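Q: Quick one: the structure is below, and I'll ask about it shortly.
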Ligand code: HEM
């Protein structure tokens, strides 16, 4: 079914029958989901094959575009990072959502906003943890919408909290960049690109229950943003978010489009090697 919505995008790229903002179904037996609330939601809404398997870069480009108006540049570089997690000989051309649980290789990391750290729970780093998520969401108490400074505080608090727990906490410049980008993308896609003002209810719906119950807050009123989220917009937002919470930038690190590309992508399909500079 093609649902009416007002974006120019929908006129250019009509949704296929399987994709549906208002229809959602949980993963069934054999289906897989990921620690990423964005990808898990898109999968349960049919923008990605419902079993969560064999995700290629073209599939991701279409799904992120159709479901959230996220650019092909982002889908390509983070999708490229996802390919690294596939337990196949490199270079792999596809991955399953469950592969993304691979800790620090290259994306899943400590100090998540809604999941326990890998070492804390015998490697169980992908199931939703309501206590942790509530601690992050509490930063928005009394607010209707998120903001860059508050989102920044909530994110930094997770680093401070988990960092106190022990030497197994891993937070290098790579995780620093990734975690900033993840907060930037949720307040961009659920809110806007400049102020990051997302209704707190949307954030709640799109995270709660990760990775099995997350969904797009379409019935609550969310619609795909008319302005595209891409590496450039995320880079800008990451910069203002970091300025907002005062977290010390690791020495020598600069936020540019390329920084995000390297932190996420890092993988050169030609030489088959990680080319992180971080
Ligand atoms: C090719 C596309 C994508 C891939 C491969 C991917 C992968 C991942 C992975 C592996 C994580 C876990 C990182 C962690 O440990 O916190 C993650 C987190 C996250 N992703 Fe994605 N992602 C993609 C696209 C998106 C999109 C389009 C959104 C839009 C909302 C999104 C939102 C998030 C958020 C908010 C988190 C942080 C969750 C947390 O704090 O636990 N991602 N992503």
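Q: Going by how many other beta carbons lie within 10 Å of each one, how would you line up 108, 220, fewest first? Could you put the intermediate results ahead of the total?
A: Working: 108 22, 220 13.
Lowest count first: 220, 108.
Q: If packing is taken as the average count of other Cβ atoms within 10 Å, what order do 195-204, 129-138 fall into, highest mean first? List each step's numbers first, then the result.
A: Details: 195-204: 19.4, 129-138: 15.4.
The peptides rank, most packed first, as 195-204, 129-138.
Q: Counting alpha carbon pairs within less than 8 Å and at least 6 residues apart, what relative contact order, in whole percent, applies to the stretch 37-264?
A: Values: 357 pairs, mean separation 53.4, N = 228.
Relative CO of the stretch 37-264 lands at 23 percent.
Q: For residue 25 and residue 236, calculate 0.36 nm times their separation in residues minus their Cα-Cα distance, and state this gained length in nm to one decimal. Let's see the in-between values first.
A: Details: separation 211, 0.36 × 211 = 75.96 nm, distance 3.47 nm.
Here the answer is 72.5 nm.
Read the figures in this text as sums done on the coordinates, not as results from a lab. Because the structure is a prediction, the values reported are computed rather than measured. With ideal geometry, Cβ positions are generated from the backbone for all residues, glycine too; neighbour counts draw on all protein chains shown.
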